[in-house]
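For reference, the structure discussed in these notes is given below.
Nothing in this text is a laboratory measurement; each read-out follows from the coordinates by a stated rule. Quick caveat, the model's predicted, so the values are computed rather than measured. Here the Cβ positions follow ideal geometry from the backbone for every residue, glycine too, while neighbour counts run over all protein chains shown.
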Amino acid sequence: MSTESTDVWTGWYRDRRGAEAIALAIAPSGHRVSTRIRGVEYEGPSFAALGAAESGERLSGCVLEWDMPLPVTQGGTAERATLSCLLTLGEPGAEGAPGRTDLNLTLHFGGAAYESGVADGDFDDALGRIRRQLPEGAELGRRLLESA
């Protein structure tokens, strides 16, 4: 991973060969996600579009799971919350891209859990589903939304 990364989250990578702890990073520009899995650097414009840095081969046939701290503003006060992320990348399909991409987000905030349901890998769409469930006046932290 690049040293220019500012936001880093730990999580797990799982495939047929087993599980491994990983760190996912987002560059300060917010337009590049990266991680290292079994000694191979992966990067891409989003979590669902990670490819090997050297070969460009897309990450597929696996599950990535991680938690992100995400402040939620309510009544002008920022409160702590955690966004749990589960990304399933299916086996390679046409052109090496995963045949399916399922993303499930769960926001743990104020003693409740707000779920996105399964989305097609679109982080913004999944966050939008969560946003619509929040109590009136609650807003998700802007910095994370710009970087994801």
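Could you let me know the centre-to-centre spacing of the stretch 75-94 and the stretch 1-72, using Cα atoms, in angstrom?
13
With n ≥ 4 as the cut-off for DSSP H runs, can you work out [θ] at 222 nm for the chain, using -39500 (n - 2.57) per run divided by the number of residues, rounded to the nearest 500?
Only helices count here, giving -2500 deg cm²/dmol.
Mind checking the full-extension length gain between Ser84 and Ile37? Use 0.36 nm per residue of separation minus the Cα-Cα distance, one decimal, nm.
14.9 nm
At 0.36 nm per residue, minus the direct Cα-Cα distance, what do Glu91 and His108 gain on full extension? Give it in nm, one decimal, please.
Length gained between Glu91 and His108: 3.1 nm.
Could you identify which residue out of Arg129, Arg80, Arg16 has the top mean-square fluctuation in a GNM of the chain using Cα springs shorter than 10 Å?
Greatest mean-square fluctuation among the candidates belongs to Arg16.
Set the Förster distance to 41 Å, then compute FRET efficiency between Glu65 and Glu136 from the Cβ-Cβ distance, nearest 0.05.
The formula returns an efficiency of 0.85 here.
Report the Stokes-Einstein translational diffusion coefficient (µm² s⁻¹, integer) for the stretch 70-141, Rh taken as the Kirkwood radius over Cα pairs, at 10 °C with viscosity 1.306 mPa s.
121
If you stretched the chain out fully between Ala19 and Arg129, how much longer would it get, using 0.36 nm times the residue separation minus the C-alpha to C-alpha distance?
Once the chain is fully extended between Ala19 and Arg129, it gains 36.7 nm.
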